[in-house]
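Trainee: The structure that follows is given in the form of structure tokens.
The values are calculated or read from the model by the stated rules, or taken from the named source; none is laboratory data. Quick caveat: nothing in here was measured; it's all calculated off a predicted structure. Cβ placement follows ideal geometry from the backbone for every residue including glycine, while neighbour counts extend to all protein chains displayed. Please note that ligands, DNA and RNA were not included when accessible areas were found on the heavy atoms of the full protein model with its side chains. Shrake-Rupley method; radii C 1.70, N 1.55, O 1.52, S 1.80 Å.
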Amino acid sequence: MNHLAHLFLAPDSPEARVGSLLGDFTRGLDLAALPYSVRLGVRHHLAVDSYTDKHPDVLASKRLFSGQRRKFAGVALDVLYDHFLLQHWNEFTDADQNTFITGVYSELQDNEDLMTPDMSRTTRHMVSHDWFGSYRDLDNIGYALDRVAARIRFQNSFAGIIDEIRPLHSELEAHFLSFFPDLQKFAGGIE
């Protein structure tokens, strides 16, 4: 899952939400030195990722991609799932989408002291460029995925993956809508 979904599913505290993103930035980090609620968020992140990677709808979605791009399907789905979450927000929560996003951005800014330098740089960029707001538009998903492709340090065919996503959009969305309620139930039971 990508950033928005992790924040959406995280235990309900600013520190746990920070931890839910910190799960992607743990290299060299002494987890034991973190406050309990941040560690809870990191554990939550790892459990959500593990569950997601094994879910039949996610596996079926990955198989839809060409052999040339299948290696990167998981990364593409992570970002695409944030798009689908935004598109179907009211099916999963009564919380106002804009209020949630604004609140999360504020929490991230207020809790930089809990972040690694890499995470702090990323979240500053996330907030200043309103990543989550931009994820409402499929064209911006393509742009975000191409930026990921540009950061890969080896020859790859990841760039332009949005061209494979477009004709698969309805099928990928159906898999997401089948998968996400399962994930939401699982995430709510993580302790």
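Trainee: When the solvent-accessible surface of protein heavy atoms is calculated with a 1.4 angstrom probe, in what order do Tyr81, Tyr51 fall, highest first?
Mentor: Tyr51, Tyr81
Trainee: Give the shape of the range 6-113 as rounded, prolate or oblate, defined through the alpha-carbon gyration tensor: a ≥ b ≥ c are the square roots of its eigenvalues, a/c under 1.5 means rounded, and otherwise the shape is prolate if a/b is larger than b/c and oblate if not.
Mentor: Oblate.
Trainee: Could you pull out every whole DSSP H run in the chain that spans at least 30 Å of Cα extent along its own axis and averages -1.0 or higher on the Kyte-Doolittle scale?
Mentor: Sorted by number, the helices that extend far enough and score high enough are 162-188.
Trainee: When a/c is below 1.5 the answer is rounded, else prolate if a/b is larger than b/c, else oblate, so apply that to the range 106-191 with a ≥ b ≥ c taken from the square roots of the Cα gyration tensor eigenvalues.
Mentor: Verdict is oblate for the range 106-191.
Trainee: Right, another one. Projected onto the charge dipole of the range 44-162 (+1 at Lys/Arg Cβ, -1 at Asp/Glu Cβ, origin at the Cα centre), which of Leu80, Met119, Val104 gives the Cα projection farthest towards the positive end?
Mentor: Of the listed residues, the answer is Leu80.
Trainee: Please say if the range 1-46 is rounded, prolate or oblate, where rounded means a/c under 1.5 for a ≥ b ≥ c the square roots of the C-alpha gyration tensor eigenvalues, and otherwise the choice is prolate for a/b larger than b/c and oblate otherwise? Each step should come with its number before you reach the end.
Mentor: Working: a/c = 2.44, a/b = 1.33, b/c = 1.84.
It comes out oblate by the Cα gyration axes.
Trainee: Ignoring ligands, DNA and RNA, what percent of the accessible area of the range 64-145 is carbon or sulfur (1.4 Å)?
Mentor: In the range 64-145, the share of accessible area belonging to carbon and sulfur is 45 percent.
Trainee: In straight Cα distance, which lysines are under 18 Å from Lys185, not counting same-chain residues fewer than 8 positions off?
Mentor: Counting by Cα, and skipping residues close in sequence, Lys185 has these lysines nearby: Lys54.
Trainee: Write down Rg/Rh for the chain, rounded to two decimals, with Rg from the C-alpha atoms and Rh from the Kirkwood relation over Cα pairs.
Mentor: Result for the chain is an Rg/Rh of 0.94.
Trainee: Cα centroid distance between the range 1-72 and the range 105-155, in Å?
Mentor: Going from one Cα centre to the other spans 15 Å.
Trainee: At 1.4 Å probe size, with every protein chain present, just tell me what the per residue accessible area of the range 89-191 comes to in Å².
Mentor: Heavy-atom accessible area per residue stands at 57 Å².
Trainee: Any idea what the dipole of the chain comes to, in debye rounded to 20, about its Cα centre with Lys/Arg Cβ at +1 and Asp/Glu Cβ at -1?
Mentor: Rounded to the nearest 20 debye, it is 840 debye.
Trainee: Take the Cβ-Cβ distance between His88 and Ser13 as r, set R0 to 30 Å, and report the resulting FRET efficiency rounded to the nearest 0.05.
Mentor: 0.75
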